[in-house]
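J.: Can you read through this structure? Questions will come right after.
The values are calculated or read from the model by the stated rules, or taken from the named source; none is laboratory data. Since the structure is predicted, the reported quantities are computational estimates derived from the model, not experimental observations. All Cβ positions, glycine included, derive from the backbone under ideal geometry; neighbour counts span all protein chains shown.
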Amino acid sequence: MAAITSPGRAYPQKQVGILARMAGARSEMQSNEAKWGYIFLLPWLVGLLVFWIGPIIASAYFSLMEYDVLSPPEWVGLANFTRAFTGDKQFWPSLARTFNYSILVVPFTIFGSLFLAILLNQKLKGTNVFRTIFFLPHLTPSVALAVLWIWLFHPSIGPVNMLLEAVGIPGPGWLTSKFWAMDALIIISLWAGVGGNTMLIFLAGLQGVPQELLEAAEIDGAGRWAKFRNVTLPMISPTLLFNLILGVIGALKVFTLAFVATQGGPSFSTWFYALHIYQQAFAYFRMGYGSALAWIFVLILLTFTYIQLYSSKRWVYYAGE
Amino acid sequence: MTTSNPTFTPAPASSGGVTKESRGISAEQGVLYLIALLLAVLFLFPFFWTVMSSLKTVQEISKFPPVWIPEVLQWSNYARTLTIVPFALWTYNSFFVVTLSTLGTVLSASLVAYSFARFRYRGRDTIFMITLGTMMLPAQVTLIPQFILFHKLGWINTLYPLWLPAWFGGGAFAIFLLRQFILSLPKDLDEAALIDGASYFRIFWQILLPLCKAVVATIAVISFIGSWNDFVNPLIYLQLPEKFTLAVGLNYFKNQPEMGGEPTQHLLMAASVMVIIPVILLFFATQRYFVQGIVLSGIKG
């Protein structure tokens, strides 16, 4: 385990210290490298511990406690979880609402984004302008987005209902109606999401489809649909998977839009799961129960992601393999 | 990074626009244009409506049928918005948080990425895998313990919780993107400098970081917009109106249909416009970097 003599420069030939050896260094130079590696890593090491790993452990611990921040936490075992599953009137409904919302928002966003990306990939003049326009809603802060649409959807003086009345349809109360608020939020989410990151990622995917494959298919007599179905779609399937996973996670986390536009109402019709966590933790200061709800949420998200990754073996094509 | 990529081209000259084949626009292209134009109207209309509403009088805004374009543009609405709520203060708070968190993200993430990309030490790859793992986790699970931590530190109603964490690595996405980029730079650069006696920090600061300009810009823009639009964190940490950032300030304003007997709907629209404009301006100025960042995240992910 002698130190290696460096040819160009005279490094002192001494054994490296125990700390350096723990870091995997065998020579003075390597130990110096390892030392600086750790020094540069330090901010993130602290950040990882204080803002990620620590909180994750703390959150698991609090989920077994009753804790209101002011008085010390009290051990309650699994009571928070049994309460969620059996004693909380809004637990299952808020979860069901969140799924209901996601089941509509995710597929529409995916299809809509893919459609827009295909449109932008037609090499029309001014594509950049259209891309920017489609992307603008996604840039808009969610709060402003909600405020904007409260007025567009205003039952009596909003332009949406004005247009509906112009074609003879009496407009509903939208965000103020418990039957329509969910649909209104879905429409807003689509408007805000269809031209966003999902579209840009699809566009990049489409531009990565090898031109020669499309040309070969054309020579073989493939029509437009056949080319899309048999060449483009398999080639962009990894992109589709990526967008799908992010889309599902994003939809299940829906919070700000509902919080600002409807406050979860009217009569709980848009009370999503993330709002429920927020209310329990930060309005009622039930940190223990909130943590339990958050952990249930994490498990749900991970399950969905796992299912998608697992099923992807059947439908995602990787050109490299 | 290609230099030829046009960031924002002026609106297309209508049908007269010359195609190279000089055969005008085919029927198919015409249909595509029509679809694209209709969609553009659909996407732009809410913005148009909001801007117009922000320039109406109180009477005009609640008129039925709605007024499309106000008779006299009420620019004074904007001035009134600035005084009826502490809008300037909120703007200052927002810029304060955004500047510090963007700076923190860029500086600390690039240093950490340098460590991941160029140094060999035990545990490096494990820590990197854990780093990537944090991207999968929803914020909800860390939100509560972080709140308790900052509460114990007495930082409720301060801006620290909103920018300080960014100085500790800036998050997995920024680190990942920068690491990938540094890995793509030839290692001879560092080695030559090392032999010439440069310190590791100097190699980072004077050689690698200048080469990372484009990625750093991408991360700065994404971080700026994320921080500007952030609602949940200011919502839980800030309760006093004078501490608000624009996002929570706007929500607070929304919940006051009138202030001292003065109706505020039209002013709310003006406030919304002012909250949206900075991100849109930034996006126009940096579109190239922004789009590239999103695309990179999609391809590598």
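J.: Does the range A:170-192 hold any residues that are among the polar types (S, T, N, Q) and in a helix (DSSP H, G or I), and which are they?
T.: A:T176, A:S189
J.: Quick check on my filter: what residues within the range B:237-263 are surrounded by 21 or more Cβ atoms within 10 Å (Cβ to Cβ) and either more than 10 Å from chain A (Cβ to nearest Cβ) or closer than 19 Å to B:V98 by Cα (or both)?
T.: B:Y237, B:L238, B:F244, B:T245, B:L246, B:A247, B:V248, B:G249, B:L250, B:N251, listed by residue number.
J.: Suppose we filter A:I103, A:I53, A:I110 for residues that are crowded, with 17+ Cβ neighbours inside 10 Å and aliphatic (A, V, I, L, M); which single one remains? Before the answer, list the steps.
T.: Numbers: A:I103 fails: crowded, with 17+ Cβ neighbours inside 10 Å; A:I53 fails: crowded, with 17+ Cβ neighbours inside 10 Å.
Result: A:I110 is the single residue among A:I103, A:I53, A:I110 that is crowded, with 17+ Cβ neighbours inside 10 Å and aliphatic (A, V, I, L, M).
J.: Any chance the range A:66-74 includes a residue that's surrounded by 19 or more Cβ atoms within 10 Å (Cβ to Cβ) and at negative phi?
T.: The answer is yes, given that some residue of the range A:66-74 is surrounded by 19 or more Cβ atoms within 10 Å (Cβ to Cβ) and at negative phi.
Results for (1) assigned to a loop (DSSP other than H, G, I, E, B); (2) in contact (Cβ under 8 Å) with a residue 40 or more places away in the chain; (3) in contact with a Phe, Trp or Tyr (Cβ under 7 Å, 6 or more places away or on another chain); (4) surrounded by fewer than 18 Cβ atoms within 10 Å (Cβ to Cβ), shown as yes or no for each residue.
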position	(1), (2), (3), (4)
A:G247	no, yes, no, no
A:V254	yes, yes, yes, no
A:A258	no, yes, yes, no
A:Q263	yes, no, no, yes
A:W271	yes, yes, no, no
A:Q280	no, no, yes, no
A:L293	no, yes, no, no
A:L301	no, yes, no, no
A:Y306	no, no, no, yes
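J.: If you go through the range B:201-229, how many residues are of a type outside the set (A, V, I, L, M, F, W, C) and in contact (Cβ under 8 Å) with a residue 24 or more places away in the chain?
T.: Selection size over the range B:201-229: 4.
J.: Quick check on this structure: which one of B:T91, B:T134 is more than 7 Å from chain A (Cβ to nearest Cβ), in a helix (DSSP H, G or I) and among the β-branched types (V, I, T)? It would help to see each step written out before you state the result.
T.: Values: B:T134 fails: more than 7 Å from chain A (Cβ to nearest Cβ).
After applying the criteria, what remains is B:T91.
J.: Report the residue count in the range A:150-169 for those that are more than 15 Å from B:E60 (Cα to Cα) and not in a helix (DSSP H, G or I).
T.: Total meeting the criteria: 5.
J.: Listed residues A:G205, A:G195, A:G221; which is under 21 Å from the mean Cα position of the chain (by Cα) and either surrounded by fewer than 16 Cβ atoms within 10 Å (Cβ to Cβ) or not in a helix (DSSP H, G or I) (or both)? It would help to see each step written out before you state the result.
T.: Values: A:G205 fails: either surrounded by fewer than 16 Cβ atoms within 10 Å (Cβ to Cβ) or not in a helix (DSSP H, G or I) (or both); A:G221 fails: under 21 Å from the mean Cα position of the chain (by Cα).
Just a single option satisfies the conditions, and that option is A:G195.
J.: Kindly evaluate A:V209 against the criterion of being closer than 26 Å to A:F134 by Cα and touching a residue at least 60 places away in the same chain (Cβ under 8 Å).
T.: Answer is no for this residue.
J.: Those residues that are of a type in the set (V, I, T) and buried (at least 17 other Cβ atoms within 10 Å of the Cβ), I need them from the range A:79-100; list them, please.
T.: A:T98
J.: Please go through the range B:126-175 and give me each residue that is among the small types (G, A, S) and buried (at least 21 other Cβ atoms within 10 Å of the Cβ), ordered by number.
T.: If the condition is that a residue be among the small types (G, A, S) and buried (at least 21 other Cβ atoms within 10 Å of the Cβ), then B:A166, B:G169, B:G170, B:G171, B:A172, B:A174 are the ones that fit.
J.: So, one more: Exactly one of (1) surrounded by 17 or more Cβ atoms within 10 Å (Cβ to Cβ); (2) under 23 Å from the mean Cα position of the chain (by Cα); (3) more than 10 Å from every other protein chain (Cβ to nearest Cβ) is unmet by B:T99. Its number?
T.: Answer for B:T99: the failing condition is (1).
J.: Given the criterion aromatic (F, W, Y), within 11 Å of another protein chain (Cβ to nearest Cβ) and over 27 Å from A:F81 (Cβ atoms), identify the matching residue among A:F297, A:F242.
T.: Just one listed residue meets the conditions, A:F242.
J.: Does A:F255 satisfy the condition of being more than 8 Å from chain B (Cβ to nearest Cβ) and either out of contact with any Asp or Glu (no Cβ under 6 Å at 6 or more places or on another chain) or modelled with pLDDT of 90 or more (or both)?
T.: So A:F255 fails the test.
J.: What number of residues in the range B:21-75 are in contact with a Pro (Cβ under 9 Å, 6 or more places away or on another chain), assigned to a helix (DSSP H, G or I) and of a type outside the set (A, V, I, L, M)? It would help to see each step written out before you state the result.
T.: Taking the range B:21-75 and keeping what is in contact with a Pro (Cβ under 9 Å, 6 or more places away or on another chain), we get B:33, B:43, B:45-47, B:49, B:52-53, B:55-58, B:60-62, B:66, B:68.
Cutting the leftovers down to assigned to a helix (DSSP H, G or I) gives us B:33, B:43, B:45-47, B:49, B:52-53, B:58, B:60-61.
Within this subset, residues satisfying the condition of being of a type outside the set (A, V, I, L, M) are B:33, B:43, B:45-47, B:49, B:53, B:60.
Residues meeting the conditions: 8.
J.: Only one of B:S227, B:S223 is touching a helix residue (DSSP H, G or I) at 6+ places or on another chain (Cβ under 6 Å) and more than 11 Å from chain A (Cβ to nearest Cβ). Can you tell me which?
T.: Residue meeting the stated conditions: B:S223.
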